[in-house]
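Each remark here refers to the structure printed beneath this line.
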Amino acid sequence: MNSAKSQGTALITGASSGIGAIYAERLAARGFDLLLVARDQQRLETAASTLRETHGVKVEVLKADLTQKDDVLKLQQRLRSDSSISLLVNNAGVAADGLLANSDSEQLESLIQLNITAVTLLASAAAASFSKAGRGTIINIASVVALFPERFNATYSASKAYVLSLTQSLNAELDGTGVKVQAVLPGVTRTEIWERSGIDASGIPAEMVMEAGEMVDASLAGLDQGELITIPSLPDAADWHAYVAARHVLAPNLSHSSAAKRYK
Ligand code: NAP
């Protein structure tokens, strides 16, 4: 594969390890040039050389701390001004451990800046740029904990529910523009995220843990199939469709001029 066959440039945040690094490899194999973003420039450079050599694509490395407003604004500017960018993988994220009541405020804020604020600002810039071009794809990495917040840390779960909701709204807003949107909801995936957030993952049953390569391949298969929401582990897509249908049953009754009888 060489750049002549390029599908444009994929901007991947959190490309220095785990899921983001696998996206970089798989998208290079699909003929995308890459713009790799994370804080660890050395790691990004090492990955970039391998990807250039193996796949013959152009790879640029951009060091950014996405908890820092200036770095996010620079990246937004790049998304708005670089018409070669055709795919955004909004992947960088951190997890957290422990109870909300015992949380360190700075860590909470930092998680929200990375998992929510940066994701939103980058999706906004990509939506503007891609809809103007009439093409492009935005992939937002959420998590299955968006659907089961009682099972995990409150702030992390809520941040991923935000990403799911943002994606659903954005998809409706971009209807008819030619821009594709996808939220990916991984279950437990073997990456550095556990160690980084001080969570002991050794007790998680092996049958619940997916390799990052398998997770990303399933997500890209879901994207190819035109899915808005991809849950790589879920055996039967009908279960998700039933969940969506249940939500639609509520829709006609969510806003009335008078309160329900049981409240009177
Ligand atoms: P990971 O291996 O820890 O990768 C996280 C990536 O984000 C790294 O490249 C890291 O690079 C980057 N990052 C962290 N803080 C950053 C910051 N302040 N600014 C810029 N980049 C930053 O974890 P992962 O599991 O691949 O996580 C990727 C995404 O998948 C996250 O959104 C996570 O919530 C989601 N997810 C993971 C799992 C799982 O079980 N692994 C499950 C569901 C969802 P630097 O340190 O070089 O900056």
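Numerical summary
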read-out	value
Residue check, A92 open to solvent by 10 Å² or more (accessible area, probe 1.4 Å), in contact with a strand residue (DSSP E or B) (Cβ under 6 Å, 6 or more places away or on another chain) and among the small types (G, A, S)	yes
Failed item in (1) assigned to a helix (DSSP H, G or I); (2) away from the ligand (no atom under 13 Å from the Cβ); (3) surrounded by fewer than 14 Cβ atoms within 10 Å (Cβ to Cβ), with E195 passing the rest	(2)
Per-region count, segment 239-264, residues open to solvent by 50 Å² or more (accessible area, probe 1.4 Å) and closer than 30 Å to R190 by Cβ	4
Residue check, K69 out of contact with any strand residue (DSSP E or B) (no Cβ under 8 Å at 6 or more places or on another chain), among the basic types (K, R) and over 19 Å from I193 (Cα atoms)	yes
Hits in segment 25-45 - residues which are assigned to a helix (DSSP H, G or I) and more than 14 Å from the ligand (Cβ to nearest atom)	L27, A28, A29
Checking D82 against (1) over 26 Å from S165 (Cβ atoms); (2) surrounded by 20 or more Cβ atoms within 10 Å (Cβ to Cβ), the condition it does not meet	(2)
Counted residues, segment 62-79 - those being open to solvent by 50 Å² or more (accessible area, probe 1.4 Å) and more than 10 Å from the ligand (Cβ to nearest atom)	6
Filter result for A201 (hydrophobic (A, V, I, L, M, F, W, C) and away from the ligand (no atom under 16 Å from the Cβ))	no
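Yes/no matrix, rows are residues, columns are (1) more than 12 Å from the ligand (Cβ to nearest atom); (2) closer than 22 Å to E25 by Cα; (3) assigned to a helix (DSSP H, G or I); (4) of a type in the set (S, T, Y):
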| site | (1), (2), (3), (4) |
| --- | --- |
| A47 | no, yes, yes, no |
| T50 | yes, yes, yes, yes |
| E60 | yes, yes, no, no |
| L88 | yes, yes, no, no |
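The values are calculated or read from the model by the stated rules, or taken from the named source; none is laboratory data. Keep in mind that this is a model prediction, so the values were computed, not measured. Neighbour counts run over all protein chains shown; Cβ positions are idealised from the backbone, glycine included. Note: accessible area is taken over every heavy atom of the protein model, side chains too, but ligands, DNA and RNA are not part of it. Shrake-Rupley method; radii C 1.70, N 1.55, O 1.52, S 1.80 Å.
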